[in-house]
1. Could you grab me the full set of residues in segment 92-143 that are open to solvent by less than 10 Å² (accessible area, probe 1.4 Å), out of contact with any strand residue (DSSP E or B) (no Cβ under 7 Å at 6 or more places or on another chain), not charged (D, E, K, R) and not in a loop (DSSP other than H, G, I, E, B)?
2. Could you look through segment 174-202, keep only residues that are open to solvent by 50 Å² or more (accessible area, probe 1.4 Å) and not in a loop (DSSP other than H, G, I, E, B), and pick out the one that is nearest to Ala52 (Cα to Cα)?
3. Could you tell me which residue of segment 1-43 is farthest from Gln98 (Cα to Cα), considering only residues that are at pLDDT 95 or above and β-branched (Val, Ile, Thr)?
4. Return yes when Tyr171 is modelled with pLDDT of 80 or more, closer than 30 Å to Ser51 by Cβ, outside any helix (DSSP H, G or I) and open to solvent by 20 Å² or more (accessible area, probe 1.4 Å) and no when it is not.
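The values are calculated or read from the model by the stated rules, or taken from the named source; none is laboratory data. Note that the structure is predicted; figures quoted are calculated from it, not measured. Cβ atoms come from the backbone with ideal geometry, glycine included; neighbour counts cover every protein chain shown. Side chains are part of the model used for accessible areas, which takes the heavy atoms of the whole protein and leaves out ligands, DNA and RNA. Shrake-Rupley method; radii C 1.70, N 1.55, O 1.52, S 1.80 Å.
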Amino acid sequence: MSTPPLDILALAAHRDDVEQTCGGTLLKMAQRGYRTGILDLTQGEMGTRGSAEDRAREAADAAKILCVSWRDALDIPDGRVENTWANRLKIASVLREQRPRVVILPYWKGRHPDHYTASILGYEACFLAGLSKLDPKEALGTQHSAVNPASASAGPLPHRPFKIVYATLYYDVRPTFVVDITEQFESRVEALMAYRTQFSDQEAGKGIFPARDEIRSRIESMARFYGALGGVTYAEPFIQKEVGLVDDLTLIPVKSI
């Protein structure tokens, strides 16, 4: 392999979803020396504000702020993220190439169909990527395996992530755990504001998007809420489906009383 595998890969439907739900966590992990990455499933062509080209430039700027090692976007149609065989194969190909140990997926419920479909789609792709007799690119056709033709070379070995966790900020559900992002909070806000077409005051989408001055207060209030659950200032929420394993009861970090 030309590059080492990713430690953590965050997958989301749209450019800026990761920044909103787990950007602080990715930055914290990068600052600790882990290789992090982001896979956006769509190009953002259906957004009320900006174009796909605008979103690509903004995503690159945000990735630099979050210190991610790798970022790419697939060609799944924006507004039509569907759990199809072809889409599962596209993601499975990326998983084999990048070989992450941890995958962060969106929560499996939500308002936007693209978000909750991306969750199920991502999980099933993680399973398929580990099947030794499946060649995703051969099954799909290498010309459709990824947006970036340079990533279409065949041959990565089967790989299945060790851990899958779900970023839950888009849905009101009690998290399994939260990640303290107090030191990363300001950079997380900066990464989100890198999406200038989305978060600047303008007529397009005025009735849908909050005013720019309101955005920070909303981000801060949610981060403070989840931080309070964990006894810190700012945090991001996650769910894991598995039972947690504890070796030493005296080292569990959150107070009960």
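1. Within segment 92-143, Ala92, Ser93, Leu95, Leu121, Ala125, Pro136 qualify.
2. Residue satisfying both the conditions and the ranking: Glu190.
3. The qualifying residue farthest from Gln98 (Cα to Cα) is Thr21.
4. yes
For (1) open to solvent by less than 10 Å² (accessible area, probe 1.4 Å); (2) hydrophobic (A, V, I, L, M, F, W, C); (3) in contact with a strand residue (DSSP E or B) (Cβ under 7 Å, 6 or more places away or on another chain), each residue gets a yes or a no:
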position: Pro4; (1), (2), (3): no, no, no
position: Arg32; (1), (2), (3): no, no, no
position: Asp40; (1), (2), (3): yes, no, yes
position: Cys67; (1), (2), (3): no, yes, no
